[in-house]
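All remarks here apply to the structure that follows.
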């Protein structure tokens, strides 16, 4: 009995020793040491070390199963994205690589794939993407390149992006030439959402070279918040005939010339934190489709044309403007009567401007402050004709 137990004990010790020797000699990683797990019939893997620069890449771990989802978040270690690695997960449907120090995506890094649907590459310090870095990706619908250091991006980075619907280039350092924006970004045939927030755009024209915009009627949402835009004209978004959501907040826009007049499908327009002092009677879509309008923190004193020409309005944000007090009370009475919900921040101060001279709230005249006696007053406490909902539009 003792002899038998001794054999068993020796066998276990010997087995463990062999595994350690094999691991040392061949840098072999068993499946148990990989942070992979089964979920909804998909095999997921989260192993950033395999991408780290200066480390001997070991791809044996990917030979025992087909990876469906690969995720990596690596505390900004230096990594290398190589074609050899992505060939090992060529059947993956989702790839998420974030918070690394990748810096550059070279030509042919991402090989052709008929299964990859979503590719997330935010927060990787990427400043260069070579032409043809992404091969034919017939199934790719979502491409996230936001929060990197890109100064340039064009459609030639991807050999075939015919199925891309969602493209996020936000929070980079992109500076597009006015006459080339369409060719650089919009040469995707299925795109419906474009995010260009947090870049350095000063001019934009999506109306020039419209022949290269394929199926532009599919574009539903464009976000260009926090750029350097100063004016918006009718031709800027003219080709995007079915645009539904447009976000231009946190720019320096002071001039809007019929910019949204032809956007008959536009339902949400965000112009918060700009320098707008007035709206033309034809600034908004006709017939009206607009339901959510944010014009808070501009230089507006009057808005009679908004009340007259936007009969479809459901929610509005107007806080942070130097409104004429009497007019503001009238506008809020209209909000109440038409069941328009006002949206505002939690630190709203309810202040407005009182003119000593009488003023017609229905006039649309540029206000010149010189020679007019003005004083700031606190608006009446909110009552049944006025109420706020915190945060942005909750759709």
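The values are calculated or read from the model by the stated rules, or taken from the named source; none is laboratory data. Keep in mind that what you see is a predicted model, and the values were worked out from it rather than measured. Here the Cβ positions follow ideal geometry from the backbone for every residue, glycine too, while neighbour counts run over all protein chains shown.
Would it be correct to say that residue 264 is surrounded by fewer than 16 Cβ atoms within 10 Å (Cβ to Cβ) and within 22 Å of residue 217 (Cβ to Cβ)?
Criteria met by residue 264.
Filter the range 229-259 down to residues that are modelled with pLDDT of 85 or more and in contact with a helix residue (DSSP H, G or I) (Cβ under 9 Å, 6 or more places away or on another chain), then give me how many there are.
Final tally of qualifying residues: 1.
If the requirement is being more than 18 Å from residue 72 (Cβ to Cβ), modelled with pLDDT under 90 and in contact with a strand residue (DSSP E or B) (Cβ under 6 Å, 6 or more places away or on another chain), which of these qualifies: 128, 164?
It is 164.
From the residues in the range 219-230 that are buried (at least 16 other Cβ atoms within 10 Å of the Cβ) and more than 15 Å from residue 146 (Cα to Cα), which one is farthest from the chain's Cα centre (by Cα)?
229
Residue under question is residue 176, and the condition is that it be surrounded by 20 or more Cβ atoms within 10 Å (Cβ to Cβ) and either within 23 Å of residue 147 (Cβ to Cβ) or at pLDDT below 90 (or both); does it hold?
In short, yes.
Considering (1) at pLDDT 90 or above; (2) over 19 Å from residue 44 (Cα atoms), say which one residue 94 fails and leave the rest.
(2)
When residue 81 is evaluated against the numbered criteria (1) closer than 20 Å to residue 136 by Cα; (2) modelled with pLDDT of 85 or more; (3) out of contact with any helix residue (DSSP H, G or I) (no Cβ under 7 Å at 6 or more places or on another chain); (4) not in a helix (DSSP H, G or I), which criterion, by number, is the only one it fails?
(3)
Name every residue in the range 61-71 that is at pLDDT 85 or above and surrounded by 19 or more Cβ atoms within 10 Å (Cβ to Cβ), in order of residue number.
Within the range 61-71, 68, 69, 70 meet the criteria.
For the range 329-338, check the following and say yes or no: at least one residue is part of a loop (DSSP other than H, G, I, E, B) and in contact (Cβ under 8 Å) with a residue 12 or more places away in the chain.
Yes: one or more hits.
Take the range 280-308 and flag every residue that is buried (at least 21 other Cβ atoms within 10 Å of the Cβ), touching a residue at least 40 places away in the same chain (Cβ under 8 Å) and part of a loop (DSSP other than H, G, I, E, B).
Matches in the range 280-308: 296, 301, 302.
On the basis of being buried (at least 17 other Cβ atoms within 10 Å of the Cβ) and in a loop (DSSP other than H, G, I, E, B), does residue 123 make the cut?
Yes; evaluated as a whole, the condition is true for this residue.
Would you call residue 316 free of Cβ contacts under 8 Å to residues at least 60 places away in the same chain, surrounded by 19 or more Cβ atoms within 10 Å (Cβ to Cβ) and not in a loop (DSSP other than H, G, I, E, B)?
When the stated conditions are applied, residue 316 passes them.
Could you please let me know if residue 36 is within 21 Å of residue 146 (Cβ to Cβ), crowded, with 18+ Cβ neighbours inside 10 Å and at pLDDT below 85?
No: the conditions fail for residue 36.
Condition check ((1) at pLDDT 50 or above; (2) touching a strand residue (DSSP E or B) at 6+ places or on another chain (Cβ under 6 Å); (3) buried (at least 16 other Cβ atoms within 10 Å of the Cβ)) across all residues:
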residue: 323; (1), (2), (3): yes, yes, yes
residue: 353; (1), (2), (3): yes, yes, yes
residue: 356; (1), (2), (3): no, no, no
residue: 363; (1), (2), (3): yes, no, no
residue: 376; (1), (2), (3): no, yes, no
residue: 387; (1), (2), (3): no, no, no
residue: 390; (1), (2), (3): no, no, no
residue: 394; (1), (2), (3): no, no, no
